[in-house]
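Here is the structure we will look at.
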Amino acid sequence: MPGTPAPRRLLVAGNWKMNGDRTLAATLCAAAAAAARAAPEVDVAVFPPATLLEQAAAALSGTPVAVGGQTCHGERDGAHTGALSAGMLRDAGCRSVLVGHSEVRTEQAQDDAAVARSVAAARAAGLAPILCVGETRAEREAGRAREVVERQIGAVLAGRPDAADGLDVAYEPVWAIGTGRSATPAEAGEVHGWIRGLLEGARGGRARILYGGSVTPDNIGGFLAVPGVDGVLVGGRSLDPTAFTSLVEAARAAAVRRLADRRRP
Ligand code: 13P
């Protein structure tokens, strides 16, 4: 259709967190590569722990699967014991990085300003950042979900008219992570609408907004049926090669459906 921008490609991203060894990494990479090859309509990425990044990057080189780090420091180098810079991730073969995951925000006391520095560092190193945001259960119950998510995104967009260019965002309500209690597609869709509004004002039309939090092969279809959901960020189920393959297959089916809907007059 002339004048209609191409749809955003759905992304299935697997965050392995602090899990896995070389044996599991080899199995998961082989499964992700096979799933991605069979689903050319969608993007697939994996986020292994640091010790497995080089192995994953080597195993996935020449496949459609991107490898990313789980966090990066805001500085280029220096005295930051235990930390990894964006440049180091890039050097290890990463193309992307998660920034501001709630587990990092909490366990490493990472505030919004530090998250913004990490996003800037990722971009400077040539990595595609995925900014993770989301409210806690208490914040949702207090009616503050919108305020929290807008604050977390605002800190990254602050003062830069093109700040959302090349950024992807993952909405991961903290109460849904690892709990088996996902948000409903309607809840996700509402928050994605708020986020989309913020991104559009910062040249973020191409930015994808993912949902994360207890995504499974059984519930992914409901999320991807929401037009504002551009993919999923998966924790637990990304460690099971069969489940991860099913997630990619489900995303492919959703992508094919979306393309058919667009062609319909
Ligand atoms: P679960 O899929 O295990 O809930 O984890 C979600 C997540 O935190 C992905 O980054």
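The values are calculated or read from the model by the stated rules, or taken from the named source; none is laboratory data. The structure presented is a predicted model; accordingly, all values stated were derived computationally and were not measured. Glycine gets a Cβ as well: all are built from the backbone with ideal geometry, and neighbour counts include every protein chain shown. Accessible surface is based on the protein model in full, side chains and every heavy atom, while ligands, DNA and RNA are left aside. Shrake-Rupley method; radii C 1.70, N 1.55, O 1.52, S 1.80 Å.
Checked against the criterion of being modelled with pLDDT of 95 or more and either closer than 18 Å to K17 by Cα or more than 16 Å from the ligand (Cβ to nearest atom) (or both), the candidates E187, E200, E172 yield just one match: E172. Counting only residues that are assigned to a strand (DSSP E or B) and out of contact with any Leu (no Cβ under 7 Å at 6 or more places or on another chain), the range 47-76 holds 2 of them.
Of note, A83 does not satisfy the criterion of being among the aliphatic types (A, V, I, L, M), open to solvent by less than 70 Å² (accessible area, probe 1.4 Å) and part of a helix (DSSP H, G or I). Restricting the range 172-188 to residues that are out of contact with any strand residue (DSSP E or B) (no Cβ under 9 Å at 6 or more places or on another chain) and among the small types (G, A, S) leaves a set whose member that is farthest from N15 (Cα to Cα) is A186.
The single condition from (1) buried (at least 24 other Cβ atoms within 10 Å of the Cβ); (2) under 12 Å from R8 (Cα atoms) that A207 fails is (1).
Within this structure, A58 fails the test of being away from the ligand (no atom under 16 Å from the Cβ) and buried (at least 23 other Cβ atoms within 10 Å of the Cβ). Among the residues of the range 223-249, which ones are within 15 Å of the ligand (Cβ to nearest atom) and open to solvent by 30 Å² or more (accessible area, probe 1.4 Å)? Within the range 223-249, G236, R237, L239, D240, S246 qualify. Residues that are under 14 Å from the mean Cα position of the chain (by Cα) and of a type in the set (A, V, I, L, M, F, W, C) within the range 208-246 comprise I209, L210, V215, V229, V232, L233, V234, listed in sequence order. Condition (residue is more than 16 Å from the ligand (Cβ to nearest atom) and open to solvent by less than 20 Å² (accessible area, probe 1.4 Å)) applied to the range 95-102: is it met by at least one residue? No - not one qualifying residue is present in the range 95-102. Kindly indicate whether P217 is in contact (Cβ under 8 Å) with a residue 12 or more places away in the chain and surrounded by 20 or more Cβ atoms within 10 Å (Cβ to Cβ). So P217 fails the test. Consider the range 6-38 and keep the residues that are part of a loop (DSSP other than H, G, I, E, B) and within 13 Å of the ligand (Cβ to nearest atom). The one that is surrounded by the fewest Cβ atoms within 10 Å (Cβ to Cβ) is M18. Just name the residue that is nearest to the ligand (Cβ to nearest atom) out of those in the range 152-167 that are open to solvent by less than 20 Å² (accessible area, probe 1.4 Å) and under 16 Å from the mean Cα position of the chain (by Cα). Checking each candidate, the answer is Q152.
Within the range 124-151, which residues are open to solvent by less than 40 Å² (accessible area, probe 1.4 Å) and within 15 Å of the ligand (Cβ to nearest atom)? Hits for the range 124-151 are P129, I130, L131, C132, V133, G134, E135.
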